[in-house]
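The values are calculated or read from the model by the stated rules, or taken from the named source; none is laboratory data. All figures in this text were calculated on a predicted structure; none of them were measured in a lab. Heads up, the Cβs are rebuilt from the backbone with ideal geometry, glycines too, and the neighbour counts pull from every protein chain shown. Remember, those area values only see protein heavy atoms, side chains included, never the ligands or the DNA or RNA. Shrake-Rupley method; radii C 1.70, N 1.55, O 1.52, S 1.80 Å.
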Amino acid sequence: MSEGDSVGESIHGKPSTIGSFFTRVGQIYQSWLDKSTPFSVGRWVVTLSLTAIYMIRVYILQGWYIVTYALGIYHLNLFIAFLSPKVDPSMLDEDEGPALPTKQNEEFRPFIRRLPEFKFWHSATKGIVIAMICTFFEAFNVPVFWPILVMYFIMLFCITMKRQIKVHFASSSPVLSEKK
């Protein structure tokens, strides 16, 4: 690699001040994430508190409904990924389905989430923080008739959940599997 090609290095091969600063900020952020990992209840309390603050802010300002709608859709997608299995049993052949362990060192894992709880929490919290930041900029305050967005979100939620429940029960119920 030629001199100055790596990330965070200046022309002379020494780390730049800006690169060093952002590297250090990233390390501190990762350290706080690592320390918060075992405290799932505390993490979710902070996230729910941020959500309440965000909702109060949107209610008081009477705007940013499009940002709130986008946040709701994002959280719905995260929630679906959290509830979904990593490997969809309905997509597997009967021979390739989940099986009991055959060796001593194998572990039986009946359900592995597509989106683990920590990543779900982290993504949901980042989404709330980004939405909160958007409420400080008038450019994101697009005028819309909010009841239509609420109705559309509820309809989308019901359709999506109905599909998820149908797929889940169709793949796990022998009675429904025979009707395919």
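What the table below lists for this structure:
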quantity: Flag if Ile66 is of a type outside the set (Lys, Arg) and under 22 Å from Met161 (Cβ atoms); calculated: no
quantity: Index of the failed condition, Glu117 passing every other in (1) open to solvent by less than 100 Å² (accessible area, probe 1.4 Å); (2) over 18 Å from the mean Cα position of the chain (by Cα); (3) modelled with pLDDT of 90 or more; (4) among the acidic types (Asp, Glu); calculated: (2)
quantity: Criterion violated by Arg43 - all others in (1) farther than 12 Å from Thr125 by Cβ; (2) touching a residue at least 40 places away in the same chain (Cβ under 8 Å) satisfied; calculated: (1)
quantity: Cβ-Cβ under 8 Å pairs, at least 6 apart or on other chains, the range 12-35 side under 26 Å from Ala124 (Cα atoms), far side open to solvent by 90 Å² or more (accessible area, probe 1.4 Å); calculated: Thr23/Pro15
quantity: Qualifying residue in the range 39-54 (condition: out of contact with any strand residue (DSSP E or B) (no Cβ under 9 Å at 6 or more places or on another chain), exposed (fewer than 10 other Cβ atoms within 10 Å of the Cβ) and either aromatic (Phe, Trp, Tyr) or farther than 16 Å from Ile128 by Cβ (or both)); calculated: yes
quantity: Number of positions in the range 75-114 that are open to solvent by less than 100 Å² (accessible area, probe 1.4 Å), at pLDDT below 85 and among the polar types (S, T, N, Q); calculated: 2
quantity: Selection within the range 123-154 - modelled with pLDDT of 90 or more, open to solvent by less than 50 Å² (accessible area, probe 1.4 Å) and in a helix (DSSP H, G or I); calculated: Ser123, Ala124, Thr125, Gly127, Ile128, Ala131, Met132, Cys134
quantity: Top-ranked residue in the range 155-167 [being in contact (Cβ under 8 Å) with a residue 40 or more places away in the chain and among the β-branched types (Val, Ile, Thr); ranked as least open to solvent (accessible area, probe 1.4 Å)]; calculated: Thr160
quantity: Number of the condition not met by Ile60 [criteria: (1) assigned to a helix (DSSP H, G or I); (2) open to solvent by 80 Å² or more (accessible area, probe 1.4 Å); (3) over 25 Å from Phe137 (Cα atoms)]; calculated: (3)
quantity: Test: residue in the range 3-13 that is at pLDDT below 95, part of a helix (DSSP H, G or I) and acidic (Asp, Glu); calculated: no
quantity: Lone qualifier among Tyr54, Tyr65, Tyr69 - being modelled with pLDDT of 95 or more and under 18 Å from Leu149 (Cα atoms); calculated: Tyr54
